Amino acid sequence: MATACARHILVKSEKLALELKSKIEKGADFGVLAKKHSICPSKKKGGDLGEFKRGQMVKAFDDVVFKKPLLTIHGPVKTKFGFHLIQTIYRS
């Protein structure tokens, strides 16, 4: 079973997600922004979700984590929870 480790920032609006993505691309720290803006409990750990198996997350999230390039900021990805910026650290 495929596993991956990812971190994310979850916000309510696509506009805010795009603003945060722009800040990260200009050198802002992902973890610091996650702690400040994310509405997910993972924000305490800078957005780190730890390791999880394929199928444990909602499909749109899973597709990014298991199919897109590693260590790149992807998103905004819309799910029923809001808008995510996702960075996959590794997968096996």
Cβ pairs under 7 Å, 6+ apart or interchain, first in the stretch 66-92 and surrounded by 13 or more Cβ atoms within 10 Å (Cβ to Cβ) and of a type in the set (Gly, Ala, Ser), second in a loop (DSSP other than H, G, I, E, B) and modelled with pLDDT of 95 or more, ordered by first then second residue, are GLY82/LYS12; GLY82/ILE39
Residue hits (the stretch 46-62; loosely packed, with under 15 Cβ neighbours inside 10 Å and either touching a Lys or Arg at 6+ places or on another chain (Cβ under 6 Å) or not hydrophobic (A, V, I, L, M, F, W, C) (or both)) are GLY50, GLU51, LYS53, ARG54, GLY55, GLN56, LYS59
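How many of the residues in the stretch 57-92 are assigned to a strand (DSSP E or B), more than 14 Å from ARG7 (Cα to Cα) and among the polar types (S, T, N, Q)? Explain how you work it out, then say what you get.
Step one: of the stretch 57-92, the residues assigned to a strand (DSSP E or B) are 73-79, 82-91.
Then drop every residue that is not more than 14 Å from ARG7 (Cα to Cα), which leaves 78-79, 82.
Those left that are additionally among the polar types (S, T, N, Q): 79.
Within the stretch 57-92, residues that are assigned to a strand (DSSP E or B), more than 14 Å from ARG7 (Cα to Cα) and among the polar types (S, T, N, Q) number 1.
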Query raised in the report: Quick check, is GLY31 exposed (fewer than 14 other Cβ atoms within 10 Å of the Cβ) and not aliphatic (A, V, I, L, M)?
Result: no
How many residues of the stretch 8-34 are of a type in the set (Lys, Arg), farther than 20 Å from LEU70 by Cβ and either touching a residue at least 12 places away in the same chain (Cβ under 8 Å) or outside any helix (DSSP H, G or I) (or both)? The answer is 2
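The values are calculated or read from the model by the stated rules, or taken from the named source; none is laboratory data. All of these numbers come straight from a predicted model, not from anything done at the bench. Quick reminder, even Gly has a Cβ in these numbers, built from the backbone with ideal geometry, and neighbours come from all protein chains shown.
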